[in-house]
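Asker: I'd like to ask you about the structure that follows.
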Amino acid sequence: VYVSAGSAAHHKPLLLHLLRNAQRHCRELLHSLNASTATTSPTRSTENNLVAVVVHAFSDPVYNRSSFHLAGTKCGVARVASTLATSAIQALRQMQEDDDRPLDDSSSSDRGEKAHPFVGLVDHVAVMPLVFDSTTEAPLGHQTHTAKKAIPNDETVFVPQTVSGWAAREIGHSLEAMAVNVHYYGTATPTLTTLASIRRERTQFFRSGGLSTTTTTTTTTTQQESTDNTQPPTEVATVGAPLEFVENFNIRCTSSCPKATAQSLTRYLRERDGGLAGVEALTLPYSNNQWEVACNLLKPHQSSSDKVLKRALEWEQEQNSLADAAAVSPTKLIEKGYSVGTTHQQCLQTLQLYISGTEEERNMYDKAVEEGLA
């Protein structure tokens, strides 16, 4: 669950409050499940049990963006994520009303220039599959979805064929009940529309935050876009279920790397420009005259974060070889690469600890998660 907050000092108490309430909610669900299974033999399908855990939380003051990462069963994740997302919107709406300034107001920590692109208060909710077919390395949810040939191409009667798509729809409905204009993607929609397409064609994502001054080529405006543009930007959200577990990996360039050079790294990495399979990349302004290349790894089992960093370092070497040939001193262009959020394995390991561990181990883990918002 991605929230458009984190740059202002008064955001921290709010984010901690949201996190602790979500952790408390997860603990209550676990205690209820343990109480019910202690007296009766469980007959319900595991996926219908209410199990969820907060695996990770992170706040980036430069990007004015925070995230809460959950893992669990479809019903548990849908329940906790819905409460977390709606609570965040209620609190941020009230904060905006009290402050009387827009979400991307640049008066706070220059976030108008550096903020991560966004579409709303709760910008994005992604529900991803954790169960894979070991023989094909493909998500079981993908196989289930594509095996159904008679899926109606009608949002009003559509029923997702994956557990992640179902959970995404449940979370989306909770936001819609708060008058949020929700755009669905992935297996949460009958057309399997991608997140990138939704952001480009139906929202202002690529014309917001740090991209607000960037010239972009847009597609022909549709009736849906026209309708969306009449909505306040804080009342839009993208909610969906990718076909696979998506990992995020950023590469921070040094202050010696100008924008045009950072953009060449972006093209070198992303699939549509001949880079690595399943890699989407975007060049974003960071602090101290630096740029970052933010990557979505849509196929992390094929193009891992290690492969992305290796290719980035190859690019740096090529750039310095060109500089050397031109009698220009080589320059360090990459400061570091770092993962953002969680991995598939981390989610599974945390679930195991949360379900099978002791109360003391759960408390220690929850406390460690809080440090991500420090």
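Asker: Within the stretch 241-267, work out how many residues are of a type in the set (Val, Ile, Thr) and open to solvent by 60 Å² or more (accessible area, probe 1.4 Å).
Answerer: Of the residues in the stretch 241-267, 0 are of a type in the set (Val, Ile, Thr) and open to solvent by 60 Å² or more (accessible area, probe 1.4 Å).
Asker: While we're on this one: When only residues in the stretch 5-39 that are more than 28 Å from LEU50 (Cα to Cα) and either within 21 Å of the chain's Cα centre (by Cα) or free of Cβ contacts under 8 Å to residues at least 24 places away in the same chain (or both) count, which is surrounded by the fewest Cβ atoms within 10 Å (Cβ to Cβ)? Outline the logic, then answer.
Answerer: So the first thing to find is which residues in the stretch 5-39 are more than 28 Å from LEU50 (Cα to Cα), and the list is 5-12.
Narrowing the set further to residues that are either within 21 Å of the chain's Cα centre (by Cα) or free of Cβ contacts under 8 Å to residues at least 24 places away in the same chain (or both) leaves 5-9, 11-12.
Details: ALA5: 26, GLY6: 24, SER7: 22, ALA8: 17, ALA9: 9, HIS11: 22, LYS12: 16.
Checking each candidate, the answer is ALA9.
Asker: Further question: Being open to solvent by less than 30 Å² (accessible area, probe 1.4 Å), modelled with pLDDT of 80 or more and part of a helix (DSSP H, G or I): is that true of ALA78 here?
Answerer: yes
Asker: Those residues that are at negative phi, touching a Ser or Thr at 6+ places or on another chain (Cβ under 9 Å) and surrounded by fewer than 19 Cβ atoms within 10 Å (Cβ to Cβ), I need them from the stretch 283-309; list them, please.
Answerer: The answer is GLN290, and nothing else.
Asker: Based on what the data block shows, is LYS307 part of a helix (DSSP H, G or I), closer than 22 Å to MET128 by Cβ and of a type in the set (D, E, K, R)?
Answerer: Yes: the conditions hold for LYS307.
Asker: Would you check which residues across the stretch 311-339 are part of a helix (DSSP H, G or I) and surrounded by 13 or more Cβ atoms within 10 Å (Cβ to Cβ) and list them?
Answerer: ARG311, ALA312, LEU313, TRP315, GLU316, GLN319, ASN320, ALA323
Asker: Follow-up question, since we're still on this one. Is it the case, given these coordinates, that VAL279 is β-branched (Val, Ile, Thr) and out of contact with any strand residue (DSSP E or B) (no Cβ under 7 Å at 6 or more places or on another chain)?
Answerer: No.
Asker: Something else about it: Just the residues that are in contact with a Cys (Cβ under 9 Å, 6 or more places away or on another chain) and under 15 Å from SER339 (Cα atoms), please, taken from the stretch 283-302.
Answerer: Listed by number, the residues that qualify are GLU292, VAL293.
Asker: Of the numbered conditions (1) outside any strand (DSSP E or B); (2) modelled with pLDDT of 95 or more, PHE68 fails exactly one; give the number of that condition.
Answerer: (1)
The values are calculated or read from the model by the stated rules, or taken from the named source; none is laboratory data. Model, not experiment: these values are computed from the prediction. Every residue, glycine among them, receives a Cβ derived from its backbone with ideal geometry; neighbour counts consider all protein chains shown. Just the protein is used for accessible areas: all its heavy atoms, side chains included, with ligands, DNA and RNA removed. Shrake-Rupley method; radii C 1.70, N 1.55, O 1.52, S 1.80 Å.
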